[in-house]
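Since the structure comes first, as structure tokens, the remarks are kept for the end.
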Amino acid sequence: MALLEINELSIQFGGLRAVDDFHLTVEKGDLYGMIGPNGAGKTTVFNLLTGEYKPNEGVIRLDGRDITGLSPAEINRAGVARTFQNIRLFRQQSVLDNVKIGLHNRFRYSTAAAILRLPSYFRTEREMDEEAMKLLSVFGLEGEADTISANLPYGKQRKLEIARAMATGPKLLLLDEPAAGMNPNETQELMEDISYVRKNFDMTVLLIEHDMKLVAGICEKLTVLNFGRILAEGDTKTVLQDPEVIKAYLGE
Amino acid sequence: MKNSRGTMTKVSRDNLGTIIMLAVVFAAVSAARAAGLVNSHIDGLLVPICVYAIMAVSLNLVVGILGELSIGHAGFMCIGAFASAFFSKLTAESMGAFPRFLIAILIGGAVAGFFGFLIGIPVLRLNGDYLAIVTLAFGEIIKNLINVFYVGRDSRGLHFSIEGQMALGLEPDGEMIINGAQGITGTPFDSTFTVGFILLMISVIVVLNLTNSREGRAIMSIRDNRIAAGSVGIPVTRYKMLAFTISAVIAGFAGALYAHNLASLIATPARFGYNMSILFLVFVVLGGIGSTRGAIIAAVVLTLIPELLRFLSNYRMLIYSIILIVMMIVNWNPTSRAWIRRHITGRFRRGTGAGEEG
Amino acid sequence: MVSFFSNLINGLSLGSIYAIIAIGYTMVYGIAKMLNFAHGDIIMIGAYIAFSVITSLGLPTGLGILAAILGCMVLGICIEKIAYRPLRGAGSSLAVLITAIGVSYFLQNTALLIFGSNPKMFTPIIPFKYMTVKIGEFSFQTISAISIVVGIILVILLQTFINRTKWGQGMLACAQDRGAASLMGISVNGTISLTFAIGSAMAGIAGVLLCSAYPTLSPYTGAMPGIKAFVAAVFGGIGSIPGAMVGGLLLGVIEILSKSYISSQLSDAIVFAVLIVVLLVKPTGLMGKKIQEKV
């Protein structure tokens, strides 16, 4: 059974069909890319997939379970975590706390334990600290644990967002233009991080990207979107040589 | 190397600082009172100051930490005041002062919390200014309803009405407990500065402990970025409810303290209307939005200013308003803020800039 | 039936006054992106100016109304310049809100110092013998009719101004995107001043109408109508001028009808309860636009 299966997914905004009859199958362990020109509907697919928008038609299954129409929080708890194109960190909180918020559903104690400072509070907080530091060190952010996240440089903010998503313990990680605004060095580092996460956490990744080098470098399979519809799909090499795709990207 | 434990100790040191500050002020004021150095005007203000400080702590939880604007918080205080005074009035003869007041405070908190929860269910689906106006509406409705609420007691038991005193059909020796627009009179004077201080301390500890925990981080994540909070699995509505309900409970405590400091408790606009809610909001914003300590300091200073300006007689409220405007501009104008940062350091302004999205 | 109609007229009249105030609220909210809590007190100042000119100085009514309008206009512009403009770059709408509350206290206490706390009897702008109009067995107050007519005229004038003049277009542009508007050569400061001037002038008119219909005037006269008008603006969808008009009228009618038929003590609670229900069903008000948050 595929990890993620999307069928006949459509959404309309006013008269515009932003996503039309979209389908996608991602197997466990895939590193899958989604590309397409601006406004092709890539982020909209992510928003449908994570419950930010409710689709007009279509079914989304994660591990065989129908998650269509659930709330974003429920979908996250089902095992989908994401990053955002325009970084959405908890800007006033420290880097460590950003990740600890990601750990929210994996470590629990009661409200009373928090207010009364019961032993379970201290024990769980310590476990959360350890787990969060472990994740931060994967992304080379352990030295910045106490920094207010808004003060991080841009590239590190993007990494922190991935670390926070990973903290929720997802089965599927969605990355929305993870390399946007990064310089070539940072992009290179990011590619390594993504490969590392994938190997060491056994993660399935679906990413949207404009940076062709990144896509060609790490994605094995691609879906190309244009005007809300699928233009091409398949393994990366074949897709990137498709004349339709080249036309959509480079113009007539 | 800095590690996570470093963060925690820094935050708890800060919180400890707030608690110590309160304890020192309490000890100093108590000593001054014992030495007879506090004049009667200021002495009479001590309990109200505790009430307002507790309200500031309560509202700061919603506005500064949850990031939602509420301009109906006086409504919860009103509920707490009437619920607790009602209980004290009922049991005035049958119970000792201490257990009676303790239960009255708990009842005030519980009833206010219950209403906070109830109101929160529909209200917290809204965001921003719309949420604010609905809280204002609820505050006004509560005040309005209490003004038409009559309860009396005679040998046959309790009687309720919203028609008027006559509709209760009390026996001649019956006693009015809540008399509509005349409210409750003769609530026992149980509130003291010490009780007020203890309640303030409890509220502060509850809010600080809550803030610095898994629950608090979830609440603040909603303030910082609601969409991102949902995306990492935070049940947004649940945590909005939690913050709102706890805040209402604390407001209920403040109400109980307030009610037991008055000979007659009346739900007038001046006491429980939106003006009051707005005054609490002033404390929170002036205190730096999100800073519990700042909110308390603002509540104390703003309650004392009219008293300290008493020598100005008729001009004092005018001067007060000018001080308020000037303080806001100095505090928030980008140029003056940068100047303050540069010259007076940003040490005391930890919570600054919080809740800007709310 | 007869009494229902006169109640309805009274409601529409009060509603028109709310609407005129609400329009000021909504314009300032739409363009300056702030809740001007002092707006209600500008009504009160307008009424005091008219009162001083007409009753104390004994000048003609028209002059009093004109003075109220001009006085409020100047006041609005000054308040914006002195108290609100310094906070425009602060990035906190709450800070401006609190400052507005400070301004509200300031206006109330200034009035208190000058005129004292005893309510003044406001001389209605209509001579006594024309106070009521009778059509058959159906009668209503002239001031009610005047309020309604003035309300309608003001809305038409304002809509024309906004849609047909370049200043009006500038206001629309600032409402949508202040940065882009300023890049297009629109003076943002000037436009916001103009907004305050118009909004405050309307508050001045509302003050005169309100005190003609309910002729007691005190420093706190403006506070409650101000809040009600704010509710009306939200009711109709804040930021929308037709919305403020509809919201104001509805609010006035609901208030008067519930006063007459349900309970005079509970009329405010009923007004607020209706507001809550409307917002829960349609969270952006009756005529507000739903904005999907970009993710």
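The values are calculated or read from the model by the stated rules, or taken from the named source; none is laboratory data. The model shown is predicted, which means the values in this text are computed figures rather than measured ones. For neighbour counting, all protein chains shown are included, and Cβ atoms are generated from backbone atoms with ideal geometry for every residue, glycine included.
In this entry, residue C:101 is excluded by the filter for residues that are assigned to a helix (DSSP H, G or I), over 23 Å from residue B:280 (Cβ atoms) and hydrophobic (A, V, I, L, M, F, W, C).
If only residues of region B:259-274 that are under 16 Å from residue B:71 (Cα atoms) and touching a residue at least 40 places away in the same chain (Cβ under 8 Å) are counted, the one that is surrounded by the most Cβ atoms within 10 Å (Cβ to Cβ) is B:272. Checking each residue in region B:32-66 for being farther than 14 Å from residue B:281 by Cβ and touching an Asp or Glu at 6+ places or on another chain (Cβ under 8 Å) picks out B:33, B:41, B:42, B:45. In a residue-by-residue description of region B:227-236, the property of being more than 9 Å from chain A (Cβ to nearest Cβ) and either touching an Asp or Glu at 6+ places or on another chain (Cβ under 9 Å) or not polar (S, T, N, Q) (or both) applies to no position. For region C:108-150, a residue qualifies if it is touching a Pro at 6+ places or on another chain (Cβ under 8 Å) and within 14 Å of chain B (Cβ to nearest Cβ), and the qualifying residues are C:108, C:109, C:111, C:112, C:115, C:117.
Within region A:187-214, being closer than 13 Å to residue A:159 by Cβ and of a type in the set (Ser, Thr, Tyr) holds for A:187, A:196. From the list B:146, B:141, the one residue that fits, being more than 8 Å from every other protein chain (Cβ to nearest Cβ) and aliphatic (A, V, I, L, M), is B:146. You will find that of A:81, A:73, the residue that is buried (at least 20 other Cβ atoms within 10 Å of the Cβ) and assigned to a strand (DSSP E or B) is A:81 and no other. Test residue A:56 against the stated conditions and say whether it is facing chain B (nearest Cβ under 9 Å) and among the polar types (S, T, N, Q). No: the conditions fail for residue A:56.
Criterion applied to C:270, C:238, C:276 was being within 13 Å of another protein chain (Cβ to nearest Cβ) and assigned to a loop (DSSP other than H, G, I, E, B), and the one residue passing it is C:238. From the list C:36, C:10, which one is in a helix (DSSP H, G or I) and at pLDDT below 90? Among C:36, C:10, only C:10 is in a helix (DSSP H, G or I) and at pLDDT below 90. May I ask you to verify whether residue C:173 is of a type in the set (A, V, I, L, M) and in contact with a His (Cβ under 8 Å, 6 or more places away or on another chain)? So residue C:173 fails the test. Within region A:98-125, how many residues are in contact (Cβ under 8 Å) with a residue 24 or more places away in the chain, in a helix (DSSP H, G or I) and either within 9 Å of chain B (Cβ to nearest Cβ) or closer than 29 Å to residue A:38 by Cβ (or both)? The number of residues fulfilling the criteria is 4.
Take the conditions (1) in contact (Cβ under 8 Å) with a residue 60 or more places away in the chain; (2) within 9 Å of chain B (Cβ to nearest Cβ); residue A:26 misses just one of them, which is (2). Residue A:24 meets the conditions (1) within 18 Å of residue A:170 (Cβ to Cβ); (2) crowded, with 23+ Cβ neighbours inside 10 Å in every case but one. The failed one is (2).
When region B:174-193 is filtered for residues that are touching a residue at least 40 places away in the same chain (Cβ under 8 Å) and outside any loop (DSSP other than H, G, I, E, B), the ones remaining, listed by number, are B:177, B:178, B:181, B:182, B:184, B:185, B:193. Of the numbered criteria (1) more than 14 Å from chain B (Cβ to nearest Cβ); (2) of a type in the set (Gly, Ala, Ser); (3) surrounded by fewer than 24 Cβ atoms within 10 Å (Cβ to Cβ), the one residue C:206 fails is (3).
Inside region C:274-283, residues that are in contact with a helix residue (DSSP H, G or I) (Cβ under 7 Å, 6 or more places away or on another chain) and not aliphatic (A, V, I, L, M) make up a count of 1. Considering A:223, A:236, A:204, A:187, the condition of being more than 14 Å from chain B (Cβ to nearest Cβ) and in contact with a Cys (Cβ under 7 Å, 6 or more places away or on another chain) is satisfied by A:236 alone.
Scanning region C:115-129 for residues that are exposed (fewer than 11 other Cβ atoms within 10 Å of the Cβ) and either modelled with pLDDT of 85 or more or hydroxyl-bearing (Ser, Thr, Tyr) (or both) yields C:117, C:118. Select from region B:229-240 the residues that are over 13 Å from residue A:75 (Cα atoms) and either modelled with pLDDT of 95 or more or of a type outside the set (A, V, I, L, M, F, W, C) (or both) and write down the one among them that is surrounded by the most Cβ atoms within 10 Å (Cβ to Cβ). It comes out as B:240. Might you let me know whether region C:187-198 holds any residue that is closer than 18 Å to residue C:62 by Cα and part of a helix (DSSP H, G or I)? No. Working only within region A:92-118, note down all residues that are within 19 Å of the chain's Cα centre (by Cα), surrounded by fewer than 22 Cβ atoms within 10 Å (Cβ to Cβ) and polar (S, T, N, Q). Of everything in region A:92-118, just one residue is within 19 Å of the chain's Cα centre (by Cα), surrounded by fewer than 22 Cβ atoms within 10 Å (Cβ to Cβ) and polar (S, T, N, Q), namely A:105.
None of B:46, B:22, B:37 is surrounded by fewer than 24 Cβ atoms within 10 Å (Cβ to Cβ), assigned to a loop (DSSP other than H, G, I, E, B) and in contact with a helix residue (DSSP H, G or I) (Cβ under 9 Å, 6 or more places away or on another chain) except B:37.
Among the residues of region C:65-106, those identified as away from chain B (no Cβ under 13 Å), surrounded by 21 or more Cβ atoms within 10 Å (Cβ to Cβ) and of a type in the set (Gly, Ala, Ser) are C:68, C:71, C:76.
Applying the set (1) within 14 Å of chain B (Cβ to nearest Cβ); (2) closer than 28 Å to residue A:218 by Cβ; (3) among the polar types (S, T, N, Q) to residue A:71 leaves exactly one unmet item: (2). For region A:126-151, the tally of residues that are touching a residue at least 40 places away in the same chain (Cβ under 8 Å), under 20 Å from the mean Cα position of the chain (by Cα) and buried (at least 19 other Cβ atoms within 10 Å of the Cβ) stands at 4. Within region A:43-78, the set of residues being closer than 17 Å to residue A:23 by Cβ, free of Cβ contacts under 8 Å to residues at least 40 places away in the same chain and of a type in the set (Ser, Thr, Tyr) comprises A:68 only. If you go through region B:90-103 one residue at a time, do you hit one that is closer than 25 Å to residue B:135 by Cα and out of contact with any His (no Cβ under 7 Å at 6 or more places or on another chain)? No, every residue in region B:90-103 fails to be closer than 25 Å to residue B:135 by Cα and out of contact with any His (no Cβ under 7 Å at 6 or more places or on another chain).
Residue C:102 fulfils the conditions (1) without any contact (Cβ under 8 Å) to a residue 40 or more places away in the chain; (2) under 30 Å from residue C:180 (Cβ atoms); (3) not charged (D, E, K, R) except for a single criterion, (2).
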